[in-house]
Each structure stands twice: as structure tokens, then as C-alpha cells.
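Single-structure report; data block below.
The values are calculated or read from the model by the stated rules, or taken from the named source; none is laboratory data. Quantities reported herein were computed from a predicted structural model and do not represent experimental measurements. Please note: Cβ atoms are built from the backbone with ideal geometry, for glycine as well, and neighbour counts cover all protein chains shown. Protein only, heavy atoms only, side chains kept; ligands, DNA and RNA dropped before computing areas. Shrake-Rupley method; radii C 1.70, N 1.55, O 1.52, S 1.80 Å.
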Amino acid sequence: MVIVMKANAKENQIMSIKKKLEELGFMVHVSKGENQCVLGLVGDTTTINENQIEAIECVDKVMRVQAPYKRGNRLFHPDDSIIKVDELTIGGKELAIIAGPCAVESEEQLIHIAKDVKRAGANFLRGGAYKPRTSPYSFQGMEEEGLKILLEAKKITGLPIVTEVMSVELVDKICQYADVLQIGARNMQNFDLLKEVGRCNKTVLLKRGMSATIEELLMSAEYIMSEGNEKVVLCERGIRTFETFTRNTLDLSAIPVLKKLSHLPVIVDPSHAAGKWWLIEPLAKAAIAVGADGLEIEVHYDPANALSDGPQSLKPKKFEALMDSIRVIAKTQNKIV
Ligand code: PEP
Ligand code: MN
């Protein structure tokens with residue numbers, strides 16, 4: 001971190017700031033130019049609030065040299081993180097393919113879809129039991145009944161379960177059923193929830209908020225990791241832009257950017273990005289081609305009657321075809337499916 005003092009800053013003011021920072025454990029290099037003085041801080045500045053320093057009258061501006069996140073930063077962890085879930089890994093050579101319906105609707109529906117996606121090559125089963133719906137009048141999910149059905153589907157197919165947790169109060173309950181806790185886009189900055197999942201030892205799938213910057217996503221991962229849970233998987237699921245044809249705009253560049261800045265695995269959800277089933281395959285292929293570690297895809301055998309997100313759900317046959325084309329792209333990335 002660099003602190004630029006105002007041109008009229010007095011020697012005693014500069015020394016008083018230097019002393020305060022040294023008392024906090026930093027090494028402070030003072031460089032005096034002809035008109036201005038600059039303080040260079042060496043040490044872990046993640047806990048420093050630069051706005052507070054900038055509020056000191058004799059300070060002109062404060063500049064961060066390093067990113068404000070540490071645990072998720074590739075600088076301090078050059079190798080990719082490989083996260084173990086049951087017998088599987090996320091972030092290694094094998095792509096994580098998370099597939100299933102948006103919402104669990106019945107035992108018959110989920111088990112039918114679970115068997116289909118497993119046959120096609122998915123290695124995780126998704127399904128929402130608690131649903132974050134835009135309208136309070138829409139289907140809100142089967143709640144604990146839905147969690148029981150997810151567990152039943154796991155017993156039958158062996159696929160580990162990915163399901164969303166929407167509130168702090170539900171974390172313990174959902175941990176009893178799920179293998180991966182999904183934090184939805186709408187909750188990416190629910191800091192209490194992030195801290196709570198940071199205190200459990202389940203893998204967390206953290207989805208990017210619809211108006212969140214890449215740095216905000218990494219800071220949310222930092223919230224989880226700073227509580228002790230390092231098993232975080234990032235998910236790009238499209239962001240709000242001026243374009244209205246698609247539900248969101250898939251930010252493809254976020255994938256190589258996140259992989260450069262962070263060691264955490266990055267997966268892509270083309271269903272919520274596109275909002276249209278026929279866009280899922282091309283976006284999924286593109287995501288793998290730019291280095292994604294996996295995909296999260298909504299699958300339903302009867303999209304027209306799905307209780308949630310039918311228009312962006314692939315029928316099992318189409319999902320099978322997608323898996324075939326993903327296998328081809330995966331090879332070019334030295335990945336397997
Ligand atoms: C979902 O995965 O069903 C979901 C609601 O996703 P998002 O939080 O990305 O909108
Ligand atoms: Mn959905």
C-alpha cells in the first residue's frame with residue numbers, strides 16, 4: 001500500500017502517521033520528492049481500511065498495490081486448488097458436471113432426472129429445495145421434503161448433492177443432506193450467510209451476484225475462507241447488462257480473469273446466464289474452451305410444465321448431446337469428462 005501525502009504535509013504529521021503504522025506492525029519506507037512525500041507500507045494490509053487513512057487531513061490519496069483478498073489470491077497459492085467431494089474432485093483434471101432440475105418437484109421427477117443425467121455423464125446432482133424466486137407467488141420449493149428426496153436420489157445414483165442454502169438458520173439442516181452448499185447470486189453479499197457456511201466443512205459453490213464485480217465475488221469468497229472453510233468453488237452465471245434478449249449476459253472473460261487472480265476452481269452456469277435452453281450448449285462449450293473447471297446445467301424432462309426455470313432447462317436427450325460435444329472441447333484443454 002502506498003500513502004501519498006499532501007504537498008503541504010508537515011514533517012511531524014508524516015512522522016506521526018509513520019509511527020502509528022509501525023505500531024500496527026508494518027514496515028514503512030518514506031520517500032521524499034521535491035514537492036511530495038510518499039509512504040510505502042510493507043506487511044499484510046488486508047485489515048487496513050484505506051478510506052480511513054485517506055480521511056486524515058494531510059493525506060492526499062491511498063493506493064493499494066495488492067488485491068484486498070488474500071486467502072483466495074493466487075499470489076499466495078500459485079497452484080490450483082483441487083477440492084475433494086466424496087470420491088470426486090473439483091478443479092483438477094476432471095470437469096465437474098452438475099446437472100439436474102432447477103427445483104425438486106417430486107420424488108418421481110428428481111429420480112427420473114437424476115438417472116438420466118448420470119447416464120449422460122454428470123458427476124453431481126443439483127436441485128433446489130428452497131428456491132429464491134422473484135415473485136412470492138411462485139413455487140418456493142419443497143423445503144425439507146425436497147432435501148429428503150435429494151438424499152434418496154443420491155442413494156440410488158451415487159451422485160453427490162448440490163443444493164442452495166438461502167439463510168443462516170437453514171445451514172445446519174442443509175448440511176445434514178447436501179454435499180455442496182450453493183450460495184445463490186442473490187445472496188452473494190449476504191455476509192452473515194457467508195460467515196456461517198465458512199464455519200462448516202462442506203464445499204461451497206459461490207455464485208456471482210448479478211451486478212457483482214469480479215473483485216466483489218473474490219471478497220465474498222474471502223468471507224467464507226476467513227472463517228476457516230477453504231473449500232470454495234466460484235461460479236459465473238451471467239451478469240445484468242443493457243442486453244435484454246438473454247436473461248443475463250455470460251461474462252466469459254471472468255473465467256480466465258478469475259483463474260489468473262485466484263487459485264479457486266471456477267465453474268459456469270449457462271442456464272441462468274442465457275435463460276434459453278438452445279443457448280446452453282454453445283455457451284457451455286465456450287466456457288470449457290476458456291478454462292472453466294465445470295458446468296452447472298438445468299435439466300428437466302418436461303420443461304413446459306416445470307415449476308421453475310423450464311425455458312432454460314435442457315431435455316435429457318439434449319443434455320446427452322451437450323455432454324458429447326463437451327468431451328471434444330475438454331480434450332483440447334487437457335481435461336476429462
Ligand atoms: C439456481 O441455481 O437455481 C439459481 C437460483 O441460481 P442463481 O442464484 O445463479 O440465480
Ligand atoms: Mn434455476
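What strands (runs of 3 or more DSSP E), lying completely within segment 68-145, carry at least 1 residues that are modelled with pLDDT of 95 or more and basic (Lys, Arg)?
Answer list for segment 68-145: 83-85, 124-126.
Answer yes or no: is there a residue in segment 174-185 that is over 25 Å from GLY121 (Cα atoms), surrounded by 16 or more Cβ atoms within 10 Å (Cβ to Cβ) and either among the hydroxyl-bearing types (Ser, Thr, Tyr) or within 16 Å of ligand 2 (Cβ to nearest atom) (or both).
The answer is yes; a qualifying residue exists.
Only one residue in LYS195, LYS202 is touching a strand residue (DSSP E or B) at 6+ places or on another chain (Cβ under 8 Å), open to solvent by 10 Å² or more (accessible area, probe 1.4 Å) and free of Cβ contacts under 8 Å to residues at least 60 places away in the same chain, so which one is that?
Unique residue meeting the criteria: LYS202.
Looking only at segment 91-113, which residues are more than 13 Å from VAL337 (Cβ to Cβ) and either among the basic types (Lys, Arg) or within 16 Å of ligand 1 (Cβ to nearest atom) (or both)?
Passing the criteria: GLY100, PRO101, CYS102, ALA103, VAL104, GLU105, GLN109, LEU110, ILE113.
From ALA304, ALA321, grab the single residue that is surrounded by fewer than 17 Cβ atoms within 10 Å (Cβ to Cβ) and either outside the structural domain of GLY127 (by TED's automatic domain parsing) or free of Cβ contacts under 8 Å to residues at least 24 places away in the same chain (or both).
ALA304 is the lone residue from the list that is surrounded by fewer than 17 Cβ atoms within 10 Å (Cβ to Cβ) and either outside the structural domain of GLY127 (by TED's automatic domain parsing) or free of Cβ contacts under 8 Å to residues at least 24 places away in the same chain (or both).
Out of GLU281, GLU230, GLU236, GLU243, report the one residue that is open to solvent by less than 50 Å² (accessible area, probe 1.4 Å), of a type outside the set (Val, Ile, Thr) and either within 16 Å of ligand 1 (Cβ to nearest atom) or touching a Ser or Thr at 6+ places or on another chain (Cβ under 8 Å) (or both).
Only one candidate qualifies: GLU236.
Return the residues of segment 143-170 that are within 16 Å of ligand 2 (Cβ to nearest atom) and either among the small types (Gly, Ala, Ser) or touching a strand residue (DSSP E or B) at 6+ places or on another chain (Cβ under 7 Å) (or both); say none if nothing qualifies.
GLY146, LEU150, ILE161, VAL162, THR163, GLU164, VAL165
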